[in-house]
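Undergrad: So that we are looking at the same thing, I have put the structure below in structure tokens.
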Amino acid sequence: MKIEIIKNKNIDNYKSWPVWTCEPSEFDWEYDQEEHCYVIEGEVTVEGSENTVTIIPGDYVIFPKGLQCFWTVHKAIKKHYSFK
């Protein structure tokens with residue numbers, strides 16, 4: 001299960017999505033639904049079984065359902081998110 005980052009994605013509706021924030025920390029996470037998110041602040045590295053990504057403001061990220069991963073939040077993150 002690969003984490004996908006789309007650069008410069010033009011989406012207008014993400015601003016209506018809920019917001020999630022997290023201070024610098026490290027934790028394990030598992031996705032029971034596919035999540036789409038748009039990062040507006042911070043920096044995080046997410047290690048999955050197939051790839052490791054560093055996510056920064058402006059990135060549109062898709063986390064697949066069933067993904068087990070490890071998050072390292074380097075700078076406090078703020079993102080809009082939606083489950084599909």
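The values are calculated or read from the model by the stated rules, or taken from the named source; none is laboratory data. If you're wondering where the values come from, they're calculated on a predicted model, not measured in any experiment. Backbone-built Cβ (ideal geometry, glycine too); neighbour counts: all protein chains shown. Heads up: the accessible areas ignore ligands, DNA and RNA and are worked out on the full protein's heavy atoms, side chains in. Shrake-Rupley method; radii C 1.70, N 1.55, O 1.52, S 1.80 Å.
Undergrad: For the chain, what is the accessible area per residue in Å² when the probe is 1.4 Å?
TA: Working: 4970 Å² over 84 residues.
Each residue of the chain exposes 59 Å² on average to a 1.4 Å probe.
Undergrad: Another one. Tell me the carbon and sulfur percent of the accessible area for the chain, rounded to whole percent, probe radius 1.4 Å.
TA: Values: 2290 of 4970 Å².
Within the chain, the accessible surface is 46 percent carbon and sulfur.
Undergrad: In debye to the nearest 20, how big a dipole does the chain give about its Cα centre with +1 on each Lys and Arg Cβ and -1 on each Asp and Glu Cβ? Before the final figure, lay out each step's value.
TA: On the way: 9 positive and 14 negative charges, 77 e Å.
Using only the charged Cβ atoms, the result is roughly 380 debye.
Undergrad: Which residue fluctuates most in the GNM of the chain (Cα springs below 10 Å): Val39, Val61, Val53?
TA: Val53
Undergrad: When N is the residue count of segment 13-84, what does its C-alpha Rg come to as a fraction of 2.2 N^0.38 Å?
TA: Working: Rg = 11.3 Å, N = 72, 2.2 N^0.38 = 11.2 Å.
Dividing the Cα radius of gyration by 2.2 N^0.38 Å gives 1.01.
Undergrad: Under a straight-distance cross-link criterion of Cα-Cα below 14 Å, which aspartates and glutamates are reachable from Lys2, leaving out those fewer than 8 residues away in the same chain?
TA: Within reach: Glu30, Glu34, Glu35, Glu47, Glu50.
Undergrad: If I model a spin label at Trp29 and Glu47 as a point 7 Å from the Cα along the Cα→Cβ vector, what separation in nanometres do I get?
TA: The answer from the label model is 1.6 nm.
Undergrad: Put +1 on the Cβ of every Lys and Arg and -1 on every Asp and Glu Cβ in the chain; which of Val61, Trp29, Trp71 then has its Cα farthest towards the positive end of the dipole?
TA: The one lying farthest along the dipole's positive direction is Val61.
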